[in-house]
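Notes for the one structure printed next.
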Amino acid sequence: MFLDFFYEMRDEGIPVAMQEWQMFMTVLERGLHDSSLMSFYNLAKSTLVKSETYFDAFDRVFAKVFKGVEGELSVSDELEEWLRDPENFKDLTDEQREMLEELDANELMRRFLETLEEQDERHDGGGRWVGTGGHSPFGHSGEHPTGIRVGGESKNRSAMKVAEDRRFQDYRTDVTLDVRNVKVALKRLRHLTREGGEDELDLDETVDETCRNAGEIELVYRPERRNNVRLLLLMDVGGTMDPYYEPVSRLLTALHEERGLRDFRPYYFHNCIYERVGTTADLYMKDAVPTGDLLRRYDERWKVLIVGDAAMHPAELMNPRGNINPRHESESRGIDWLMKFREHFERIVWMNPDPQSDWEHTRTTQVIQSIFPMLPLSLDGIQDAVTTLVGARPSAAGVTRH
C-alpha cells in the first residue's frame, strides 16, 4: 500500500523525492503518527508535500489509496456482552460529584486503554472498570464529567468520547409530509438582482425613450431579475439529533426542491464543526471536505444556516482534541471554527430543534447562542431565520440595506 501511495503521488505530479520519502518512513518507525489515521494523514502531508499548491492533489491521492481505511476505537465482543442489561443507576449526590476527577483527552484515553488490558469480568457500579452505572469514566448508564461512553445510548449528553463505530443516517431529500408548510416558510428566501444578458423588456424605459424620440418606438431591455441567494446548510447528525430526523429531513427536502436559489450546498457534522465536514452522514474522511476549503470556496455573500441541538460535553466545544470521535481528533477547538464562520459570513443563523425552555440549562447551547442568532426549528422559526438571512438591517448611518 505504501508503494502505491508513493507512485500515485508521482503520477499525480507531486514532486516527492527519496529524501522526503525516507523521512516519512523514519517518523512512522518512531510512531509519531500515534496509530491515528488523522495523525498519519497530517504527518504524511507535512513530510511529503513541499508546497501548498499540491495540497489538493495530495488529498485526492490519499483518499484513493487509503479508501475505506477509517481506523476504529473498538471493543471486544466479550466486553460488549458484559455491558448488556445495565444495572439501575443511583444518582450521585452533589458531594460525590465534586469528588469525581476531571481528565483531559490524553489522560482519559490512556487510562481507558490500560483498563481494557486489565479487565477480565463484568462490572456494574463502582468507579474504575468499564461497566454500567456507577461513576467510572468508562461504560454507560452512569455519571462522570469526562467519560468515554462504551455501548448503551446517550442519556445525559455528558460523554467526552464515544468508543464505537458511529454510523449515522443521511437526512432524506424526498420527504413529502408537511414539506409544503416548510416551503411556504422559505418563500421569502429571496434577494432579487438583475444580472446577465438584457433579455427582458423594460416597459417603463421603453415608453420614456419612445416619448423622447417623438413617438418613434425604441425598445429598451434589461437583465431579468433573479434570486441571488446562495445558501450553505450545515446539519448536525446522529446521537442526540436522532429524534429530530423527520423535521430536519423536511427542511432539507424543501431546500432541495427550492429551485429559486442561485446555489445550495448541504454538509454534515456531529455535535460541533471541526476541521472537516461531511458530504454524507457517515462523516468518513474519504467523503469529507476540509472546513478551511469551505471558507475559501464560499465568500461572505453566502447565507449560512446551521441546524443542531448545540448540546454536547463542554470539552467538545472548548478544548483542543475535543471531537467526541477519537479517530477525528485535532488540536483545533470547535469554538474556534465557529468563530471563523461568524467572522467570515455576513449572515448566519443557528436553528435548534430542542425546546427553547431547555436551552438555558445546557452550557454549550448558551455559548453558541452568544455567537450566532439561535432560533427554534419550527415554521415560525424558519420564517424568522429567513428574515435574519435576507431581510433588511440598519446600517451605521441608519439607512436600511440588503
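Read-outs: derived from the displayed coordinates by stated rules, not from any lab. These figures come from a predicted structure and were not determined experimentally. When we count neighbours, we look across all protein chains shown, and the Cβ atoms used for this are built from the backbone with ideal geometry, even at glycine.
Descriptive notes on the structure:
- Distance in nm between pseudo-label sites at E246 and K286 (7 Å out along the Cβ direction from Cα): 3.4 nm
- Ordering 372-379, 276-283 by mean Cβ neighbour count within 10 Å, with the highest value first, yields 276-283, 372-379.
- Just so you know, the Cα atoms of region 269-402 work out to an Rg and Dmax of 15.6, 50 Å.
- Between T210 and Q19, the modelled labels are 7.7 nm apart [label points 7 Å from Cα along Cα→Cβ].
- Pairs exceeding 25 Å between alpha-carbon atoms, taken from K183/K340; K50/K303; K183/K286; K303/K340; K45/K340: K183/K340; K50/K303; K183/K286.
- In nm, spacing of pseudo-spin labels at L3 and R262 (7 Å Cα→C-beta vector): 5.2 nm
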